[in-house]
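Q: First, the structure itself, so that you have it in front of you.
The numbers here are math on the coordinates, done by the rules we state, and not lab data. These numbers come from a predicted model, not from an experiment. Positions of Cβ are generated from backbone atoms using ideal geometry, with glycine treated the same way; all protein chains shown enter the neighbour counts.
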Amino acid sequence: MQDKRLSIAPMIDWTTTDYRFFARLFNPHTYLYTEMISTGALIHGKTDRHLRFAASEQPLVLQLGGADIAEMTHCTQLAEERGFAEVNINVGCPSDRVQHNKIGACLMAEPETVAGLVKHMQAAVTIPVTVKHRIGIDHFDSYEFMHNFVETVAAAGCERFIVHARTAWLQGLSPKQNREIPPLRYEDVYRLKQDFPSLAIEINGGISTVEDIKTHLQYVDGVMIGRAAYQNPYIMAEAMSLWGEAAPSREDILAGLMPYLQEQVANGEPLPSIARHFLGLFQGLPGARKWRQALSGKQTLTVAEIEDAAAQTLAFIAQQDAYQERLEAQD
């Protein structure tokens, strides 16, 4: 994995600091991203809360949503001061809110604007400024359109591009549909790397297994996983094989998680809203449903209840494994 990168995508309401702490327990090598945070939220909102993170989350990237040079530059400086490893400009989100503010995926139609952002942001800090974008927007979906966008922004100093291999439809599709309906065009991202060999090109979209990751890394410099890493985070543990290292067990994950939960409760944080990020821990295993039921839909929740649910789930999995071994021995 030398000079290659594996990362977890920025996802609104999902990649909070609580999820990121949890995700880091699975794999120490992945790059983690914040949710997309608008410049307005950072400048006029709860800045400290938006920028808080645990030291273990590093390497951590702040993803910004905005188009005003002064605001984006100021927020990039805040990111460096707070210790973020990198700042990423969102040029891929198709939601109504970002369209109203003419940011996110809308900016793909304005490569000179994005280039201006990169130029001023990068000049103000020493940490890298990167761009995450789509392969196109609406009917501007040719490879040449994306090529021109990357060429223009790279000339301003951007050296890393994370490409969601789908076109964003700003009219007619919801954000959810935009993650599923436009066809994936991985070959366009591979071609982009061929045309810009000196740039770091990462691929995103529809990637859900370690085998998928291995395949893409043959053609590009990095892989970004989105919903699959949230819904089944143990994928990140399985990906430890890419570094020639053993995956941590779920018992290891839980052992690392419990002290964090105790700390958050002591700080007055609501445990039910934190625990929602852990529902996928046993995804695909017997007992996964009971684990999810134990943690979700609760008005109140204690660390002891989570520990008990974990113990019961692990015991049930062990029982099922033993039963399967007996069946195999009989054969």
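Q: How would L117, L173 line up from fewest to most surrounding beta-carbon atoms within 10 angstrom?
A: Working: L117 28, L173 17.
Lowest to highest Cβ neighbour count: L173, L117.
Q: Relative to the Cα centre, what is the charge dipole magnitude of the chain, using +1 at the beta carbon of each Lys and Arg, -1 at the beta carbon of each Asp and Glu, and rounding to the nearest 20 debye? Walk me through the numbers on the way to the answer.
A: On the way: 29 positive and 40 negative charges, 116 e Å.
Its charge dipole is roughly 560 debye.
Q: Put +1 on the Cβ of each Lys and Arg and -1 on the Cβ of each Asp and Glu in the range 1-124; which of H50, F26, N88 then has its Cα farthest toward the positive end of the dipole?
A: Checked the options; the winner is F26.
Q: Between the range 197-235 and the range 114-171, how many Å separate their Cα centres?
A: Taking the Cα centre of each part, the range 197-235 and the range 114-171 sit 19 Å apart.
Q: With only Lys, Arg, Asp and Glu charged, each at its Cβ (+1 for the first two, -1 for the last two), find how big the charge dipole of the range 164-228 is about the Cα centre; round to the nearest 20 debye.
A: Values: 8 positive and 8 negative charges, 46 e Å.
That gives the range 164-228 a dipole magnitude of about 220 debye.
Q: I'd like the distance separating the alpha-carbon centroids of the range 264-286 and the range 1-63, in whole Å.
A: Each part's Cα centre sits 17 Å from the other's.
Q: Taking neighbour Cβ counts within 10 Å as the exposure measure, how do R49, R24 sort from fewest upward?
A: Exposure proxy ranking, most exposed first: R49, R24.
Q: Between their Cα atoms, which of K46/K119; K4/K176; K176/K298; K132/K193; K193/K214 are more than 18 Å away from each other? Write down the numbers at each step before the final one.
A: Values: K46/K119 27 Å; K4/K176 29 Å; K176/K298 26 Å; K132/K193 15 Å; K193/K214 16 Å.
Too far apart for the 18 Å limit: K46/K119; K4/K176; K176/K298.
Q: Give me H277, H147 ranked fewest to most by other Cβ atoms within 10 Å of their Cβ, as a rough exposure proxy.
A: In order of increasing Cβ crowding within 10 Å: H147, H277.
Q: In the range 111-194, which GluC sites (Glu not before Pro) fall in coil by DSSP and have 16 or fewer other Cβ atoms within 10 Å? Provide the component values of the computation, followed by the final result.
A: Working: sites: E112, E144, E151, E159, E180, E187; in loops: E159, E180.
Loop-located and lightly packed - E159, E180.
Q: To continue, here is another question. Once the convex hull of the C-alpha atoms of the chain is built, how many Å³ does it hold per residue, rounded to a whole number?
A: Details: hull volume 49.6 nm³, N = 331.
Taking only Cα atoms, the chain has a hull volume of 150 Å³ per residue.
Q: Restricting to the chain, what percent of DSSP beta bridges are antiparallel, rounded to 5? Please report the intermediate quantities before stating the final value.
A: Numbers: 1 of 34 bridges.
Expressed as a percentage, antiparallel bridges in the chain total about 5.
Q: For the range 146-161, in order, what is each residue's ³J(HN,Hα) by Karplus, 6.51 cos²θ - 1.76 cosθ + 1.60 with θ = phi - 60°, in whole Hz (x at glycine and Pro)?
A: Karplus values, whole Hz, x for Gly and Pro: 5, 4, 5, 4, 5, 4, 5, 6, 5, 5, 8, x, 6, 10, 9, 10.
Q: Between K46 and Q194, what is the label-point separation in nm under the 7 Å Cα-to-beta-carbon projection?
A: 4.9 nm
Q: Any number yet on Rg/Rh for the range 250-330, C-alpha, Kirkwood?
A: Working: Rg = 14.4 Å, Rh = 13.6 Å.
Computed over Cα atoms, the ratio is 1.06.
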